[in-house]
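K.L.:
What follows is a structure written as structure tokens; I'll ask about it next.
Any read-out appearing in this document is the output of simple, stated calculations on the displayed coordinates, not a laboratory observation. It should be emphasised that the depicted structure is a prediction, and the values quoted were computed from it without experimental measurement. Here the Cβ positions follow ideal geometry from the backbone for every residue, glycine too, while neighbour counts run over all protein chains shown.
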Amino acid sequence: MMAPLLDRPIFLFDADCGVCQNGTDSIRARIDPPVDIRPFQGVAFDQWGVTPAELAEGPVFVDPQGWHVVGPPAMAHLLRRSRRPYRGLGSVMLLPGVRHLLALAGPVMYRNRHRLPGATPACAVSPAQAAQE
């Protein structure tokens, strides 16, 4: 099955998690990127090749050309589509050394998001579990 064409990139996040919801609310209010920011709940994310296991690793950026990335690279690609200075920050996040550090830190932060300020009880539930419910 071919993935549906997208007019704009999509950034998928866990809306049940207070940290994720607050973060995306801030992105919408302050950065307002030309990206559809949607909770993965209620979206047929598998149509873009995104799996529940990937959602358990962090937010997902789906490009209109059909590829997607997970975790810190998803945030980097969202920022690269934004206005300055956020565009530059996204580019820095994709530099080899920075990308490597974020690849190490991102999953740890995402697995421990229930310990972050603004966390809700749902933050302790993995997105893979939530996606299967």
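K.L.:
Restricting to Cα pairs below 8 Å that are 6+ residues apart, what does the relative contact order work out to for the chain? Please round to a whole percent.
P.N.:
Once divided by the residue count of the chain, the mean separation gives 29 percent.
K.L.:
Give me the one-decimal nm value for the distance between modelled label points at GLN41 and VAL108, 7 Å along each residue's Cα-to-Cβ direction.
P.N.:
Simple spin-label model gives 2.9 nm for this pair.
K.L.:
Of all beta bridges DSSP finds with both residues in the chain, what is the antiparallel percent, to the nearest 5?
P.N.:
Counting only bridges with both partners in the chain, antiparallel ones make up about 60 percent.
K.L.:
Where does the charge balance sit around GLY118 when Lys and Arg score +1, Asp and Glu -1, over other residues with C-beta under 14 Å from its C-beta?
P.N.:
Local charge sum for GLY118: -1.
K.L.:
First select every other residue whose beta carbon is under 14 angstrom from the beta carbon of LEU5; then total the charges, Lys and Arg +1, Asp and Glu -1.
P.N.:
-2
K.L.:
Right, something else. Are there any trypsin sites (Lys or Arg not before Pro) in segment 1-88 that are in a DSSP loop and have at most 12 other Cβ atoms within 10 Å? List them by number.
P.N.:
Filter output for segment 1-88: ARG83.
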